[in-house]
Amino acid sequence: MSDNNHLCLLGLIFLSSFLTGVSGVDETHVFISSGEDVRLPCNNALHDCTSTIWIYNRFRYSAAVELITLGIKKDTERHERLSLGSDCSLNIRNISTEDYGSYICQQWTGVGGPRLRPDARVYLHVLHVSSSQTEISAGLSVTLFCQLYSYPRVSCGDWIRSERIDLFWVNQAGVKLNISDSRYQISSSSDPCIISLTTTLLNEDHNREWRCEVTHRDQVKSSVTYTVKSSAEADSTTPVNTHVTKEILTILKTAVFAAPTVILLQIICDRRAGRKDSQQPEEIEINTIIE
């Protein structure tokens, strides 16, 4: 495909996706947690994918990026994580928070069109949990942040209310945590797409799980589990007794300096015993060892 034809096609794609986005034709919402693989459906696909184009943009008025052009994967920075399914769906491996946004599947006869079917738009929402602490141990206060990364068609607050989106925390038994429990502080920041959980860790919290869930119209769509791994476990060896260690070092040091004296005394005793037997006087020179 020549550069001019490529630019022409991209311009048509961007214009048509903008107009179709206004009319809201065939919209699908997909929720996924970071680190997982996802399949984005192409609801307007034909019997093969040679006419399929997938385009992506993260922000409403940002430039569109071609991911798939007429069934062929483009060389983007996400190239290795993308693949086209037999049903023309777009598969993305190891989702990150950078992958959220608007994905549009289109069907074209080729460069210059015409477009064969209305667009199929997929909004990808990515749920992610992060921690305020890198070192986790009992007695420390830790805050977990659960954020839903979403395509900003409108403000997050308006979108959550209109689509009946809800973010909340549950414990490992699946019971929803609430602010009435004095151990937990659960709050939303100025951004309603973020909900935080703050607590002081206990010894028994090691391997404990807290889970953030997102619901869309009262149906659970995705969740992320945070498992407490205490860093104290790596230091679980028997602590060293400093006082005992000093005593041991003193004894060893004394033994090192005393050893020559003991040896010399043994020599003296042996030689004196020999002198009594032989009646031969003998001078013994003792050298002082100075450290």
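Here are a few things to note about the model shown:
- Note: relative contact order over the stretch 28-148, using C-alpha pairs below 8 Å and six or more positions apart, is 31 percent.
- Relative contact order computed over the stretch 144-214 (Cα-Cα under 8 Å; 6+ residues apart), in percent: 40 percent
- Per-peptide average of other Cβ atoms within 10 Å, ordering 79-88, 221-230, 117-126 highest first: 117-126, 221-230, 79-88
- Computed over every Cα-Cα pair of the stretch 132-235 and binned at 5 Å starting from 0, the pair-distance distribution P(r) comes out as 2, 11, 21, 23, 17, 12, 7, 4, 1, 0 percent.
Coordinate-derived values only; no laboratory data. Computed from a predicted model, the values in this text were never measured in an experiment. Every residue, glycine as well, gets a Cβ built from its backbone with ideal geometry; the counts of neighbours run over all protein chains shown.
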